[in-house]
Structures are given as structure tokens and as C-alpha cells.
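A.B. asks: Structure incoming, see below.
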Amino acid sequence: MDLFGATALIVDSNPASRMTLAGQLRAYGFASISQASRITDARREIERHPFDLVVCSDAFPRGGSGQALLDDLRRSGLLPYGTIFILITDEATYLKVVEAAESSVDSYIVRPYAAATLYDRIEQARRRKTALWDIHRALEERRYDDAVELCLQRFAARGPQWLTAARWGAEILLRLGRFGQAQALFQSIWDADPQPWALLGVARCQLDSGSPAAALDTLRPLIDANPDYADAYDVRGRAQMELGQFENALESLEQALRVTPLAIGRQQRLGMLAFFLGNRDKAVELLQRAAELGLDSKMFDAESLVLLAIAAHERGDAEAFERQAGELRKRARAAPDDARLQRFVQCVELLALAVRGETGAPLATALTAIAQGVDAPDFDMEAACNLLAVLAALAHRGIATDQAPLVQRLGLRFATSKAMGELLASAASHHTRYAEQLRQCETTMVQRIEQVLRRASEGEAVLALAELYALAQETHNARAVETAWLVLQRYAQDIPNASSWSERVQALRQAYGTARHRPALGDPRLRPAGGVNLGAVDRAASEPAAMPAP
């Protein structure tokens, strides 16, 4: 591959390492090579000049890392797709490898390495980027249908990078909620080249389309044939949670962790589930270990700090509570636009007020502020469980015991099944009255929905739809929303202005439907188990960059 005129940037704090790398790149044909000894200098260079290649050390003695630089560049849209980013490190721990995968680094090289290894990685990355450039450009321009069509054409013709292109296509369809098409493409990939991730993709589509039992059936032979496939256990745990098989889900997550014992994300997910099922000792052990392994890692989820803070408050450990709360506040100050993180702090501050003895007007004001946000579409099951655990902890100590109306709102919204009602009750298990109230909410919703459905079956479809729509508006319960949609689909011929009703119900589905409110553990913004990063789809579209000539 002709690299005449190509430009490179070397980022390394060690002058000798920079000199060695520069010599290797010149020998390979790079015409212009810049150097930076600090992360800040490197970012400034990349802002000012385009580079065909960035070779960056992973660690810097004055702070920062190559991983953090790459994340920052991608978030800021400063790294063109055509730029190859290679990370060089002194160690290849599980955590570092996973973090590199999350950031979609083009290559990851461990010292010591031969110059031939570096050249080979550059060649591979260039070929891959050139082959997929047209698909990437369509994604950046939000021409998702065009991107999928290009992927399908590449797959059918078995053209360059056809397997990667097909996987991208299936992932795009899955992200767009076109589950049937995504599942069919994953199945076609599996039939053409039986990669485990392809069959896992089939299971993920089944799960996301609302068929967790079918997903378990798909996963069974996959796990039997690949007993060390940790992502498959992750997905199985998700399916079991949706089916209310919480103990089985715990076992699946434990198996995933046994396969990858240093996986911070898996330790946290297992700890989170243990916490909400009432096993505080196990939860604290796992979450603390995750913090010890990588509190500063991008894989560490601040949700763990929330649960550790609640557990510390429950056992009366003021020092541990303040340590977790302080770390949360620091993170929130650094990311003021992160609504999820701000909600974490808002929740834990309720406990902080109680610790300081400010249980009168200040606590009431804080509770009112939180209550005003619980009907927002982005207030999810995670937020509900966190808030319920905090309310139960306060009530257990005889503080803010008058929050039954707020608990009722949360229960009516999120108790979409017996399993979800039980999960909510477990989150509030520190206060028996709240736990029983949440279980009753699920029963109440079932009775109200069934009563309306009887009217529909007796020929009163219009009245049934109106009542279901009113119930969905009142509670924002996903089960009520989806039932209204099903009634509309089944009795559309009997309902005047069905198209108008369809628009109204669909708006509720987009805001509060099942697709938005499935039980989940951890930050939903991270790469899904078995998935790939699709930065152009997963973040706000940025201006497409020019592709360097191959």
C-alpha cells in the first residue's frame, strides 16, 4: 500500500520511544511525522492538522491515557473515520482490552513488538477502513437505509470485508428496532459462516422484540457448544430477568463472571442484581471489588456508587456513605449534562440530608423535586428501583414515612408484570409496607386492564380503547400502553377515527412503551453484550470526514 505523503502523529512521554517509532514509520514510507509528549499537546495537534495515523501510548506519568484521548476525540468528532488510531501499551490486562474494544481502537499492540507487527496492523486497518468507507459515510449522513443496502450487497457478493459489513447491517437494523429484518440477517450470516456472535445476534433480536423464551431456546445450543462465551451468559441473564427468573439470572451472570473474573462490568451487573434481590452482602462485595479494580475505568458505572451509598446508609456507616456520595458529586460536576448521573446524585442527596439531620423542610423540598421528574419518559426502571431503595431506607429509620403516594406512582408505572412487581418490591424490601404496596400495584394494574379487555370482547371496543388510553396516560404503565395498541390493531374496523387514535397511542408507545422500559442492569449507553460499536448510529451525527486516498 502506497503511503507516500502520509502523515502520522506519535504521542508518547518517552523520547526514546518516540524516536524509535518515528524511525519505523519513516522506513515504512510516512513522509511527515509529528510528535507530542502530552495528551493535551496531542489533542491540540489533532485539532489543527489531519493525520492518516495516530500511534499513542496508553499511559502518561503526568496523567491521562491514550484510551481517554481516543474517547475524547470520538465524542468531539475530531477524529476522521479514515484516521487509524493505534494504542501501544506495556500490558494487556482484560480490562484494558475491553476498554479498547469499547472505544473501537483500530489496533492494540503490546510492547515489546517487532516493526513488522506495526506495519501489518497499519495495513490491516487501512484495508478495512477503505473497504467499509461507503457504508460508514452513509451512517454519518444518517442514510441508514442506504447503509443497510450497501451491507446487504456486500454480503450477497461476498465482497471485501463482507462478514463485517453484514454484521454492521444487522446491528444497524437492530438499533433501529427493525427486529425481524435484523434477525433474518443474523440468521443468514450464521448459515453462511457459523460465527457464535451471529447466533447470539438472533437471540438478541428475539429478546428485543419481546420473545425472551425464544431467546433462551436459541441460546441453549450456543452455550452448550461455546461454554466460555461470556456474552451469551449476559444475554441469557437478560432474558431470564424479563421472564422473572431472577435466581436463574443471577446464576447466568455468575457464570459470565467466572469466565472473565476481571470483568468490571460483569461484576457490577451481578452486584446490582444481587442488591435489588435483597442480598446486600454479596452486592457490596462485588461492587466494592469492581471499584477497587477500576474506579477510574470507563467500564466503571456510577450506579455502583449509588448502591454502595444506599448499603452504607442502611448499615449506619457514615464514613463509607460520604465516600461514595463524594465520588458521585465529583462525577456529576464533571458531567453536568449527564441526566442519568445527575439523577444518581439527586437520589443519594436524600440520604445525605438524613445523615445531616435535615429531615424537615429541606428533605421535603428535595423529595418534591424528585417526584416532579418520575413521569418523564427517561425515568426508567433503574431510576425507580434506586428511588424506592432510598425511600425504604429512610422509612426504615422513621424518616419521610409519608411517601406512599410516590411509591404508588412508581408501582403503577413500572409493575408491568408479576416479575417486575416483585423486583420493585425487592428494591424496597427495607420497608415492608412499601414492598407490599408495590406488589399490590401489579395486581391492581392486571385487574384494571383485564376489566377493560372484557368490554372490548363484549363489543365495546371504542369505550375499551378510550379507557385503556386514559389508564396509560394516567399511569404511563407500558403494559397499559401496549394493550391499548393491541386493542386498536384488533378492532380497528370498529373504531371511528382509527388513524387519529393510532397517532395518539403510538406517541405513548414511543415515550412509555415496552421497548423503553425493560429491566436492565448498568449503563445502557455501553456496547450491548455481543454487539459492536456503531458510533455514527449511537451518537449524534457529526460532519462526515474526508477519507484519505488509499
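A.B. asks: With viscosity set to 0.890 mPa s at 25 °C, what whole-number translational diffusion coefficient in µm²/s follows for segment 447-504 from Stokes-Einstein and a Kirkwood radius over Cα pairs?
C.D. replies: The estimated diffusion coefficient comes to 223 µm²/s.
A.B. asks: Return P(r) of the chain (all Cα-Cα pairs; 10 Å bins starting at 0; whole %; ordered from short to long distances).
C.D. replies: Per 10 Å bin, starting at 0, the Cα pair percentages come out as 3, 16, 23, 25, 19, 10, 3, 1, 0.
A.B. asks: Just check segment 409-496 against the gyration tensor rule for me: Cα atoms, a ≥ b ≥ c as the square roots of the eigenvalues, rounded for a/c under 1.5, and otherwise prolate or oblate depending on whether a/b exceeds b/c.
C.D. replies: Taking the square roots of the gyration eigenvalues as a ≥ b ≥ c, segment 409-496 is prolate.
A.B. asks: Cα convex hull of segment 302-427: mean projected area in nm², to one decimal?
C.D. replies: Here the figure is 7.3 nm², rounded to one decimal.
A.B. asks: Which number do you get for Rg(Cα) / (2.2 N^0.38 Å) in segment 276-345?
C.D. replies: So the Cα radius of gyration is 1.07 times the expected 2.2 N^0.38 Å.
A.B. asks: Give me the percent of the accessible area of segment 243-396 that comes from carbon and sulfur atoms, probe 1.4 Å, all protein chains in place.
C.D. replies: Answer for segment 243-396 is 51 percent, counting heavy atoms of protein chains only.
A.B. asks: Let me ask another. For segment 328-487, what is the accessible area per residue in Å² when the probe is 1.4 Å?
C.D. replies: Values: 6630 Å² over 160 residues.
Value for segment 328-487: 41 Å² per residue.
A.B. asks: Can you find, among LEU70, GLN181, VAL55, the residue farthest towards the positive end of the dipole of the chain? Put +1 on the C-beta of Lys and Arg, -1 on that of Asp and Glu.
C.D. replies: VAL55
A.B. asks: Roughly how tilted is helix 179-192, in degrees to the nearest 10 and between 0 and 90, from the longest Cα axis of the chain?
C.D. replies: 40 degrees
A.B. asks: With bins 10 Å wide starting at 0, give me the P(r) of segment 7-64 over every alpha carbon pair, in whole percents.
C.D. replies: That works out to 25, 56, 18, 1, in percent per bin.
A.B. asks: For segment 151-286, max minus min Cα coordinate along each principal axis, in Å, sorted largest first?
C.D. replies: Ordered largest first, segment 151-286 gives principal extents of 55, 29, 25 Å.
A.B. asks: Then there is this: Determine, from the Cβ-Cβ distance of ARG356 and GLU123 and an R0 of 56 Å, the FRET efficiency 1/(1 + (r/R0)^6), rounded to the nearest 0.05.
C.D. replies: Efficiency at R0 = 56 Å is approximately 0.40.
A.B. asks: Multiply the residue gap between ASN279 and LEU262 by 0.36 nm, knock off their C-alpha separation, and tell me the result in nm, one decimal place.
C.D. replies: 4.0 nm
A.B. asks: Return the Rg/Rh value of segment 169-209, two decimal places, where both radii are evaluated on C-alpha atoms and Rh is the Kirkwood radius.
C.D. replies: 0.93
A.B. asks: What accessible area per residue, rounded to a whole number of Å², is obtained for segment 118-244 using a probe radius of 1.4 Å?
C.D. replies: Accessible area per residue, segment 118-244: 41 Å².
A.B. asks: Something else now. State the percent of C-alpha pairs, over all pairs in segment 245-366, separated by a distance greater than 20 angstrom. Don't skip to the end; give the middle numbers.
C.D. replies: Numbers: 3389 of 7381 pairs.
Pairs farther apart than 20 Å: 46 percent.
A.B. asks: Evaluate the Kirkwood expression for the hydrodynamic radius of segment 338-492, namely the inverse of the mean inverse distance over all pairs of different C-alpha atoms, and round to one decimal in Å.
C.D. replies: Taking the inverse mean of 1/r over all distinct Cα pairs, segment 338-492 comes out at 16.5 Å.
A.B. asks: What is the diffusion coefficient of segment 78-236 in µm²/s, taking the Kirkwood radius over Cα pairs and the Stokes-Einstein relation at 4 °C with a viscosity of 1.567 mPa s?
C.D. replies: 75 µm²/s
A.B. asks: Compute the helix-to-body angle for 303-314: its Cα long axis versus the longest principal axis of the chain, expressed 0 to 90° and rounded to tens.
C.D. replies: Its long axis makes an angle of about 50 degrees.
A.B. asks: Using a 7 Å offset from the Cα along the Cα-to-Cβ direction at both GLN447 and GLN195, what is the distance between the two label points in nm, to one decimal?
C.D. replies: Going from the GLN447 label point to the GLN195 one covers 5.3 nm.
A.B. asks: Another question about this same structure. Among VAL11, PRO377, LEU152, whose Cα sits farthest toward the positive end of the charge dipole of the chain (+1 at Cβ of Lys/Arg, -1 at Cβ of Asp/Glu, about the Cα centre)?
C.D. replies: It is VAL11, whose Cα lies furthest towards the positive end.
A.B. asks: Could you provide, to the nearest whole Å², the per residue accessible area of segment 1-59 with probe 1.4 Å? Walk me through the numbers on the way to the answer.
C.D. replies: On the way: 2830 Å² over 59 residues.
Heavy-atom accessible area per residue stands at 48 Å².
A.B. asks: Give the Cα extents of segment 369-452 along the principal axes, in whole Å, largest first.
C.D. replies: So the extents along the principal axes, rounded to whole Å, are 39, 26, 19.
The values are calculated or read from the model by the stated rules, or taken from the named source; none is laboratory data. Keep in mind that what you see is a predicted model, and the values were worked out from it rather than measured. Note that each Cβ is placed from the backbone with ideal geometry, even for glycine, and that neighbours are counted across all protein chains shown. Accessible surface areas use protein heavy atoms only, side chains included; no ligands, DNA or RNA. Shrake-Rupley method; radii C 1.70, N 1.55, O 1.52, S 1.80 Å.
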